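The block underneath contains the structure these notes are about, expressed in structure tokens.
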Amino acid sequence: MATVARSGRTARVTTRSRRRLPRGISRFLTLSILALLFLAPIYWMASTSLKPESDTVARPVQWIPENPTLENYRDILASPTASFLRWTWNSLFTSVCFSLLTVLLGVLTAYPLARMKFPGRQVWFWTLLASMMVPGIIFLIPHYLMMIRFNWIDTYNALIWPGVPGAFGVFLMRQFLVSIPRELEEAARLDGANSLQILCYVLLPFLVAPMAALALFSFMACWNNYVWPLFVVHGEMQTLPVAITTFSSRYWTAYGKLMAGTAIASLPVLVAFLLAQPYFIKGMSLTGLKDD
């Protein structure tokens, strides 16, 4: 009887596994199709950048380059009329400065909102939250007029400072700070530490992961920004996303050079994500939505 019962359980388990198999396959196929949809533009960019200019518009379409070449990369990097290396430096310098300043301002602003008691603290916090609901495009004209008044047009200041005082970084840091036990701060105060020393020596070691996540978000936002640099910088001060459009005009487009420039522009963001990935995932998983 026991053997019959075990055989029955084994048969039920096998039947259940067979029933689960089609669902697992459908999930795998769905994820594979979604992955292909995400990767197809990246593959097309890399493939087109390796084609001679005549093959980029050939029919039928060449999904795999028949005559692969690095000519497009050599042309845009060595072109005397296109300062590609200067544009890359402009994007890299402004993105690094922007992310560092955003993290610094976010931590310094979030600390009193999360750990200090003062009149109107909740009002300031909810005002900060409300400002995140305002579309950023409405600040375009006021910021542009400010840049003219400060004489910052065609300077790095115009690319860095207007976006630094953002609410998102303050909100992200504040939500993580309120989750740190207050006993650590109280113990430091008993030892005679002031607020700045508590922030630097007690709380900052816990903020490495969320600061890395915020730095990565800020770097990507500044690097990919197109509209604001289009208004405030010109010529050699252009950033890479804006400068790449010089390979396209109303009547003519150099698809090979355009894709080669886009491929080069994608590399720093990819490298930044790979370097910060462990901190990014940890920071996003630890940053809670706890209210004080």
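The values are calculated or read from the model by the stated rules, or taken from the named source; none is laboratory data. Here the structure is a predicted model, which means the values were calculated and not measured. Quick reminder, even Gly has a Cβ in these numbers, built from the backbone with ideal geometry, and neighbours come from all protein chains shown. Keep in mind that these areas ignore ligands, DNA and RNA; they rest on the heavy atoms of the full protein, side chains included. Shrake-Rupley method; radii C 1.70, N 1.55, O 1.52, S 1.80 Å.
See the values below:
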read-out	value
Boolean, PRO268 is open to solvent by 30 Å² or more (accessible area, probe 1.4 Å), modelled with pLDDT under 90 and either in a helix (DSSP H, G or I) or at positive phi (or both)	yes
Filtered residues of the stretch 217-254 (kept if in a helix (DSSP H, G or I), open to solvent by 40 Å² or more (accessible area, probe 1.4 Å) and touching a residue at least 40 places away in the same chain (Cβ under 8 Å))	PHE217, MET220, ALA221, ASN224, VAL227, PHE231, GLY235, GLU236, THR246
The listed residue being open to solvent by less than 60 Å² (accessible area, probe 1.4 Å), of a type in the set (Val, Ile, Thr) and modelled with pLDDT of 90 or more, out of THR56, THR94	THR94
Scope the stretch 176-197; condition among the aliphatic types (A, V, I, L, M) and either open to solvent by 30 Å² or more (accessible area, probe 1.4 Å) or in contact (Cβ under 8 Å) with a residue 60 or more places away in the chain (or both); matching residues	LEU177, VAL178, LEU184, ALA187, LEU190, LEU196
Residue within the stretch 130-140 that is of a type in the set (Phe, Trp, Tyr) and free of Cβ contacts under 8 Å to residues at least 12 places away in the same chain present	no
Single residue of LEU207, LEU258 found to be at pLDDT 85 or above, under 21 Å from the mean Cα position of the chain (by Cα) and either in a helix (DSSP H, G or I) or surrounded by 15 or more Cβ atoms within 10 Å (Cβ to Cβ) (or both)	LEU207
Every pair of residues 6+ apart whose Cβ atoms lie under 7 Å, when the first sits in the stretch 25-45 and is closer than 27 Å to MET259 by Cβ and modelled with pLDDT of 90 or more while the second is of a type outside the set (Val, Ile, Thr) and surrounded by 10 or more Cβ atoms within 10 Å (Cβ to Cβ)	MET45/MET259; MET45/ALA263
Lone unmet requirement of (1) open to solvent by less than 10 Å² (accessible area, probe 1.4 Å); (2) assigned to a loop (DSSP other than H, G, I, E, B); (3) not β-branched (Val, Ile, Thr) for LEU214	(2)
Residue ID - nearest to PRO241 (Cα to Cα), chosen from residues in the stretch 90-131 that are out of contact with any Gly (no Cβ under 6 Å at 6 or more places or on another chain) and among the hydroxyl-bearing types (Ser, Thr, Tyr)	SER91
